[in-house]
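Comments concern the structure below.
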Amino acid sequence: VRDVNATSFFLRVYPISSSGVLSDAGGEYAEESWSSDFIDSVDWHPSGNYLASMRYEAAVTNVRIYSFTPGSPPSLTAFDFCDVSPEAPPTNYSGMSWSPDGNYLVVGFDSSAGHELRIFQFSPSAEIGGRLVQVASIEIGTKVLSVDWRSYGNYIVVGLEDGTYDLSIFKFTPPSTLTFVDGVTGEQVNMLEWNPDGSKVAIARSTNAG
């Protein structure tokens, strides 16, 4: 979230009632705020106890994990991060998704970063600085626009800007192997998502004109 004057940036968790009412009355939401850092691409850990995000400022880009504590009010606390600045300049990321067991996080990047699809291992019980570690990556040659981890197993669907296959499936085999499985050709895939049982993928795509 960014304020209307673009002077503050927020990562917020809003409560929603059983009747679907969303309210921030009385500040009853969890928040982290900064004066200049940008936040993008958030995803809940399957346990509901952690929130992954991308945060960048100037030449620093981090994959960050926050711990979430419910309550009145709830709270967000910085838990750990992995600095990817040397390989991924700011703004060159395109979505993230947790594995079903919450042990891994997949993140997509721009082609200028190289190794556009990367896997990070999440170990909550490790010491700070070692809770989020990159363990696998693969060179695709084009920008990743969207990613989603299947609801079971180790398959990841990836939407690409262009290339041989604009919709691709990759398989992650722990501890560190990421391989291409299959793909189809078409226009760029901007957004995608597996259905709950992992048997279908819905996509939103656009035509590259000119």
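The listed residues are 41, 23, 17, and the only one of them that is open to solvent by less than 40 Å² (accessible area, probe 1.4 Å) and either modelled with pLDDT of 65 or more or farther than 24 Å from residue 128 by Cβ (or both) turns out to be 41. For the range 189-205, a residue qualifies if it is touching a strand residue (DSSP E or B) at 6+ places or on another chain (Cβ under 6 Å) and not charged (D, E, K, R), and the qualifying residues are 189, 190, 191, 192, 194, 201, 202, 203, 204. Within the range 112-129, the residues that satisfy the criterion of being open to solvent by less than 50 Å² (accessible area, probe 1.4 Å) and at pLDDT below 90 are 113, 114, 116.
Sub-7 Å Cβ pairs linking a first residue in the range 46-60 that is at pLDDT 80 or above to a second residue that is among the aromatic types (Phe, Trp, Tyr) and open to solvent by 60 Å² or more (accessible area, probe 1.4 Å), at least 6 apart or interchain, are 51/44, ordered by first then second residue.
The lone criterion from (1) hydroxyl-bearing (Ser, Thr, Tyr); (2) at pLDDT below 75; (3) part of a loop (DSSP other than H, G, I, E, B) left unmet by residue 33 is number (3).
Applying the selection to the range 176-210, what residues are part of a loop (DSSP other than H, G, I, E, B) and closer than 17 Å to residue 107 by Cβ?
Let us first name the residues in the range 176-210 that are part of a loop (DSSP other than H, G, I, E, B), namely 176, 185-187, 195-200, 207-210.
Of everything in the range 176-210, just one residue is part of a loop (DSSP other than H, G, I, E, B) and closer than 17 Å to residue 107 by Cβ, namely 176.
Scanning the range 165-185 for residues that are open to solvent by 70 Å² or more (accessible area, probe 1.4 Å) and out of contact with any strand residue (DSSP E or B) (no Cβ under 7 Å at 6 or more places or on another chain) returns a single hit, 185.
Exactly one residue among 133, 157, 147, 106 is modelled with pLDDT of 90 or more and open to solvent by 40 Å² or more (accessible area, probe 1.4 Å), and that residue is 133.
The values are calculated or read from the model by the stated rules, or taken from the named source; none is laboratory data. What you are looking at is a predicted structure, and each value in this text was computed from that prediction instead of being measured. Ideal geometry is used to build each Cβ from the backbone, glycine not excepted, and the neighbour counts take in all protein chains shown. Ligands, DNA and RNA are stripped out before the accessible areas are found, and what is left, the full protein with its side chains, is counted by its heavy atoms. Shrake-Rupley method; radii C 1.70, N 1.55, O 1.52, S 1.80 Å.
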